[in-house]
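The values are calculated or read from the model by the stated rules, or taken from the named source; none is laboratory data. Note that the coordinates shown come from a computational prediction; the quantities given were computed from them, not determined experimentally. Here the Cβ positions follow ideal geometry from the backbone for every residue, glycine too, while neighbour counts run over all protein chains shown. We work out accessible area using only protein heavy atoms, side chains counted, and drop any ligands, DNA or RNA first. Shrake-Rupley method; radii C 1.70, N 1.55, O 1.52, S 1.80 Å.
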Amino acid sequence: VNAGMRAAVTAYLSPANQALRLGPEQLARITVPTLLYWGSFNMGGREMGDALAPLIPGGRYHCAEVGHWAQFERPDEHNRVVLDFLAG
């Protein structure tokens with residue numbers, strides 16, 4: 001798993017894949033209902049989620065006290081928030 005994760009991150013950060021990353025311009029063009037579910041212990045911390053959320057027009061934002069895998073770390077909270085979003 002460790003080797004696979006390292007390979008995925010290396011590929012993602014590769015200059016060849018820069019066009020695939022979402023930046024402020026791409027986030028501002030989102031036109032569908034969007035939930036940004038962020039983990040306060042994720043890389044970049046709460047501050048990064050707080051900065052990204054307003055860039056998505058009409059988006060909903062939830063910051064949980066989790067790391068990167070909220071669906072495993074706090075499944076009840078994750079499922080409630082996601083299902084509420086989908087039902088709305």
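Restricting to DSSP loop positions (anything but H, G, I, E, B) with no more than 14 other Cβ atoms inside 10 Å of their own Cβ, which GluC sites (Glu not before Pro) remain in segment 31-88?
In loop regions of segment 31-88 (DSSP not H, G, I, E or B), the sparsely surrounded GluC sites (Glu not before Pro) are Glu65.
Could you give the accessible area per residue of the chain, probe 1.4 Å, as a whole number in Å²?
Here the per-residue accessible area is 73 Å².
With an 8 Å cut-off on Cα pairs and a minimum separation of 6 or more residues, tell me the relative contact order of the chain in percent.
In percent, rounded to a whole number, it is 25.
Tell me the carbon and sulfur percent of the accessible area for the chain, rounded to whole percent, probe radius 1.4 Å.
63
Using each residue's phi in segment 23-38, evaluate 6.51 cos²θ - 1.76 cosθ + 1.60 at θ = phi - 60° and report the 3J(HN,Hα) Karplus result to the nearest Hz, with x for Gly and Pro.
Those phi angles translate into x, x, 5, 5, 4, 5, 8, 5, 10, 10, x, 9, 10, 9, 9, 10 Hz.
Could you work out the longest stretch of the chain that avoids the trypsin sites (Lys or Arg not before Pro) located in DSSP loops with at most 14 other Cβ atoms within 10 Å?
Value returned for the longest uninterrupted segment is 30-88.
For labels at Trp69 and Thr34 in the simple 7 Å Cα→Cβ model, what's the distance in nm?
2.6
Select one label from (1) -0.65, -1.14, -1.28; (2) -0.53, -1.03, -1.22; (3) -0.79, -1.22, -1.25: the one whose number is log10 I(q)/I(0) by the Debye sum over Cα atoms at q = 0.16, 0.22, 0.24 Å⁻¹ as derived from the coordinates shown.
(3)
Report the full-extension gain for the segment Val9 to Leu55: residue separation times 0.36 nm, less the Cα-Cα distance, to one decimal in nm.
14.2 nm
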